Amino acid sequence: MDIVKPSTIAGVMELLPEEQVVFDSIKNTIEETFRDYQFSPIDTPVIEKNEILFAKGGGETEKQIFEIASESKDMSLRFDLTVPLARYVAEHFSNLNFPFKRYQIAKVYRGERNQKGRYKEFYQADIDIIGHNELAIENDALLARVIYEAFSRMDFPNITFHINNRKLLNGFFNSLDIEDTTEVLRTIDKKDKIGIDKTRELLTEIIGEEKTATTLDFLESDLKNTALITELEAFDGNDLYKEGVLELKYVHGYMVKFGIPDSSIKIDLAITRGLDYYTSTVYETFINGYESIGSVCSGGRYDNLASNFSKQALPGVGMSIGLTRLFYQFMELGLVDENKSGQTDVLVLPMGESYTFYSIDILNMLKEAGMRADIYLERGKFKKKMNYADKIGAKYALILGEEEFNKLDVTVKNMETGDQVTVSVDEFLKYLD
């Protein structure tokens, strides 16, 4: 029988155990933060009907959807967690309480072009608030507060939210007699990836040279938040524009009220978000000093996402952390310590089969004391056992041989310093910090 060379497809991330521990630690921190703000977990299927996914996907994402080969050919892998959420809320409407606050941390699938840090299969960590008929604008600021706290708990408090409002943008474009703003918004959304010259070229093809110059001049403001809002309010725009400016002003003000420093907020008129379902507030979030890795969390408000699935008015606002890409970038930049979240505080090492029962008693004592403890049950020489303790990152090794067994002692070895001491069973726990 031929041996098949083991390998994964391009565009997926598979971690070694010590890396997985760090990944799970980050994921758990995010989840705990979501729970602390009373967001409820849900778990939607990986596979959705095409009529669901294509109902409001829009933009480049439709070209990236993985369809499933079947006789009916009406199913695909989800490309995000927001469209399935819209279907979920519409389907379970009568069983939900509104505003409905949900989170989901799960894998999604996109036909991304193979490149460093971009994946076909990746985790997203989403929070959303869905209202019935209406949803207070303050919720847009609350979500930012939750994300701010999540990054603070991950020891990345120095982040900046770039915020904007699609009503403001659409109202401005309407004042330039640009009725179909979809391609304009998508082009602006790609500005940081393709550069200003390419952006100008593409916009000129869509709306002409004069309107392109006016648009780019409008988007590139260096004013601080309060001054920029004042300037935006002074512009004689249409009703849609004025509504967008007012919402942007409210969201900025409430973000500060929720405890986000104004220095961590940037009103950025070039932020558009590429997906068509966003209707109002939009966000992108960057780690200060590491803006080159791109946005680490993005999202916005969508007032009509569920309209394809329900006659109910279900406005919502959501933010999403691209968890897999974030973790990859953190590891590449050395921003996380792989040993920070080691699984084992203490490893119990019986020095022979005769001392296994005694070693299990010690392990049970450690577990009862709340220690992250394990036992090495394999046969082998002392050096082999100690090498294992070192490789798994154990802080302490407890050596239990004939002398320890006969005297009811425990030898405690500090794996970092190399110091060791032999103490009685009644005293050994105090030597473990």
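The values are calculated or read from the model by the stated rules, or taken from the named source; none is laboratory data. Since the structure is predicted, the reported quantities are computational estimates derived from the model, not experimental observations. So basically every Cβ, Gly included, is an ideal-geometry build from the backbone, and we count neighbours across all protein chains shown. These area figures cover heavy atoms from the full protein model, side chains too; ligands, DNA and RNA do not enter into them. Shrake-Rupley method; radii C 1.70, N 1.55, O 1.52, S 1.80 Å.
P(r) for segment 83-172: what percent of alpha-carbon pairs falls in each 5 Å bin, starting at zero?
Final binned percentages: 3, 9, 15, 16, 20, 20, 13, 5, 1.
Please compute the per residue accessible area over the chain with all protein chains in place, 1.4 Å probe, rounded to a whole number of Å².
Counting only protein heavy atoms, the per-residue value for the chain is 51 Å².
When the expected Rg is taken as 2.2 N^0.38 Å, what fraction or multiple of it is the alpha-carbon Rg of segment 93-133?
1.69
When the Karplus curve 6.51 cos²θ - 1.76 cosθ + 1.60 is applied with θ = phi - 60°, which whole-Hz ³J(HN,Hα) does each residue of segment 242-254 get, with x for Gly and Pro?
4, 5, x, 4, 4, 5, 4, 4, 5, 4, 4, x, 6
Could you tell me how many degrees, from 0 to 90 and to the nearest 10, lie between the Cα long axis of helix 382-391 and the main elongation axis, the longest principal axis, of the Cα atoms of the chain?
20
With an 8 Å Cα cut-off and a minimum separation of 6 or more residues, compute the relative contact order for the chain in percent.
17
Which semi-axis lengths, in whole Å and largest first, follow from the square roots of five times the eigenvalues of the Cα gyration tensor of the chain?
The equivalent ellipsoid of the chain has semi-axes of 51, 24, 21 Å.
Could you work out how far helix 209-219 tilts from the main Cα principal axis of the chain, as a 0 to 90 degree angle to the nearest 10?
Once rounded, the angle reads 50 degrees.
Return the carbon/sulfur percentage of the accessible area of the chain, one whole number, probe 1.4 Å, all protein chains in place.
Carbon-and-sulfur percentage of accessible area, whole number: 47.
How much length would be gained if the chain were fully extended between ILE3 and SER354, taking 0.36 nm per residue of separation minus their Cα-Cα distance, in nm to one decimal?
122.2 nm
Structure shown: which of LYS385/LYS430; LYS5/LYS107; LYS190/LYS249; LYS407/LYS430; LYS120/LYS191 lie over 21 Å apart, alpha-carbon to alpha-carbon?
Too far apart for the 21 Å limit: LYS385/LYS430; LYS5/LYS107; LYS190/LYS249; LYS120/LYS191.
Calculate one ³J(HN,Hα) per residue across segment 186-197 by plugging θ = phi - 60° into the Karplus curve 6.51 cos²θ - 1.76 cosθ + 1.60, and present them in order as whole Hz with x for glycine and proline.
Each residue's phi maps through the Karplus curve to give 5, 5, 4, 4, 8, 4, 5, 7, 9, x, 5, 5 Hz.
With n ≥ 4 as the cut-off for DSSP H runs, can you work out [θ] at 222 nm for the chain, using -39500 (n - 2.57) per run divided by the number of residues, rounded to the nearest 500?
After summing the helix terms and dividing by residue count, I get -11500 deg cm²/dmol.
What are the residues whose amide H is under 5 Å from the amide H of ILE375, where those residues sit 5 or more places off or on another chain and H is modelled from the backbone?
Placed amide hydrogens put VAL348 under 5 Å from ILE375.
Calculate, in whole percent, how much of the Cα-Cα pair population of segment 170-225 lies beyond 17 Å.
When every Cα pair of segment 170-225 is considered, 32 percent fall beyond 17 Å.
For segment 17-161, what are Rg and Dmax over the alpha carbons, in angstrom?
Both quantities, over Cα of segment 17-161: 16.7, 51 Å.
Label points 7 Å out from Cα along the Cβ direction at GLU243 and ARG145: separation in nm?
Here the answer is 2.6 nm between the modelled labels.
Go through segment 310-321 residue by residue and turn each phi into a ³J(HN,Hα) via Karplus (6.51, -1.76, 1.60, θ = phi - 60°); whole Hz please, and just put x for glycine and proline.
7, 7, 6, 7, 10, x, x, 9, x, 9, 9, 9
Based on the alpha-carbon gyration tensor of segment 197-341, what equivalent-ellipsoid semi-axes (square roots of 5 times the eigenvalues) come out, in whole Å, largest first?
29, 22, 19
At 0.36 nm per residue, minus the direct Cα-Cα distance, what do GLU179 and SER40 gain on full extension? Give it in nm, one decimal, please.
Between GLU179 and SER40, full extension yields 46.1 nm more.
Could you work out the percent of alpha carbon pairs in segment 342-433 separated by over 19 Å, rounded to a whole number?
30
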